[in-house]
Every structure is written in C-alpha cells, then in structure tokens.
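**Q** Pasting a structure below so you can have a look.
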Amino acid sequence: MSATTEHLRTLQRVPTANEKKALWFLAIVALSGSGVRLWRATPPDTNATESASLERQIGRVDSVRALRHKRDGTRAPARDDALRTVKKPAPESREIAPVDLDLASIDQIEALPGVGPSLAKRIVADRDSNGAFGEFDGLCAVKGIGPALAAKLRPLVTFTGARRPLSAACGDASKGTPKTRRLRARQPR
C-alpha cells in the first residue's frame, strides 16, 4: 500500500515556485503573441487625405511613364495594365541576333524560342560542368534538346569555344545506351 500512496502523491504534486513562474511566463508570451496577431490582422484605417495623396503619387508615376513612352517610342503600361500583364511568347518571325551559347547567361538562353527556364538552367549546367559546347552537336547532349528543337535553334545560336569530343549527334535515336540494354548486356544467357 505504501507504493500506491507514494505513486498517488507524485501524481498530485504541486508545482514549485519556479515552475509556477515559468508557467506564468509561457502563458503571458502566448497571450501577447495572440494579441499581436489580432492587432496585425485589423486593416489599417485610411482616410480621404491619404487616399488622395496616394492617387496623386500614382498619377505622377503614370505621367513619367507617358513621357518615357514619347521619348523612347515604347509603350509604357498603364496602372491597370501592369497588374494584368502576362508574359507573352516572342513571335518567332522576329529577327533575333544569334546567341553564343558558350558565353550566354540563363536569361539570354531562355529568350530563345522553345527554351524554358529549366532547359536554360540545364544548358548552363552542362556548359559549366563539361566546358564550352564548341559546335552545335555539343548542345545536343543536353537532356531535353531533341531533333525538332535542334532544328529550331540551329539558325539562332553560335559557338565560340573549343569543340568537344562527341559520340552522338542530334539526329540519333538515343543519346546513350538505355539502362535496360546495359543490364541485358551484362546478364549471361
């Protein structure tokens, strides 16, 4: 019976003074954090003078854009158009200066038709790890560049680096031995 009563005493133990202080501290921190969240969730009160000054400032920005439009000959987007603009693909009939893929940045490569951000990153990663492409067949070793895309890019790219030794060209059916063929070749029959 003494073991049971001792067990009950440990379950009904009263916290010490330091434990009470720690519990009060945690409760206060939790309540103050909740109060700050509620305070931040309330929308700010904007009065008519603040709204008017904001509209005047936006009008000034739009007028500066209009002046640039007249000077440069390019269209400056209006305030509402800037929020609704969507990146449109570049028309392929436009003349594009050839891009040197041995020196180009990711943004320059991404501007090419048919090349997205992930393919541009793979092209730069391949160039950084294996050296300059040197010729068009070196570009074909990059995953994601097949015969169709290669034909589209051929007139738009140049290469200034040294040539790489290659084993496959863009028109080949595969860029390497598939895994299944390698496994079959190793297994005795």
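**Q** Could you list all residues from segment 110-142 that are under 14 Å from Pro155 (Cα atoms), touching a helix residue (DSSP H, G or I) at 6+ places or on another chain (Cβ under 8 Å) and either aliphatic (A, V, I, L, M) or in a loop (DSSP other than H, G, I, E, B) (or both)?
**A** Selection gives Leu112, Pro113, Gly114, Leu139.
**Q** What's the number of the condition Ala141 fails, among (1) surrounded by 12 or more Cβ atoms within 10 Å (Cβ to Cβ); (2) out of contact with any Lys or Arg (no Cβ under 9 Å at 6 or more places or on another chain); (3) farther than 18 Å from Ser105 by Cβ; (4) aliphatic (A, V, I, L, M)?
**A** Among (1) surrounded by 12 or more Cβ atoms within 10 Å (Cβ to Cβ); (2) out of contact with any Lys or Arg (no Cβ under 9 Å at 6 or more places or on another chain); (3) farther than 18 Å from Ser105 by Cβ; (4) aliphatic (A, V, I, L, M), Ala141 violates only (2).
**Q** With Ala132, Ala169 as the choices, which residue is surrounded by 13 or more Cβ atoms within 10 Å (Cβ to Cβ), modelled with pLDDT under 90 and touching a Lys or Arg at 6+ places or on another chain (Cβ under 8 Å)?
**A** Selected residue: Ala132, the only one of Ala132, Ala169 that is surrounded by 13 or more Cβ atoms within 10 Å (Cβ to Cβ), modelled with pLDDT under 90 and touching a Lys or Arg at 6+ places or on another chain (Cβ under 8 Å).
**Q** Which pairs turn up if I take residues in segment 102-124 that are touching a residue at least 24 places away in the same chain (Cβ under 8 Å) and look for partners that are of a type in the set (Phe, Trp, Tyr) with beta carbon separation below 7 Å, at least 6 apart in sequence or on another chain?
**A** These pairs meet every condition: Asp102/Phe133; Asp102/Phe159.
**Q** Scan segment 22-50 residue by residue and report those that are surrounded by 10 or more Cβ atoms within 10 Å (Cβ to Cβ) and among the polar types (S, T, N, Q).
**A** The answer is Ser32, Ser34.
The values are calculated or read from the model by the stated rules, or taken from the named source; none is laboratory data. Because the structure is a prediction, the values reported are computed rather than measured. Cβ sites come from the backbone with ideal geometry, for glycine too, and all protein chains shown count toward neighbours.
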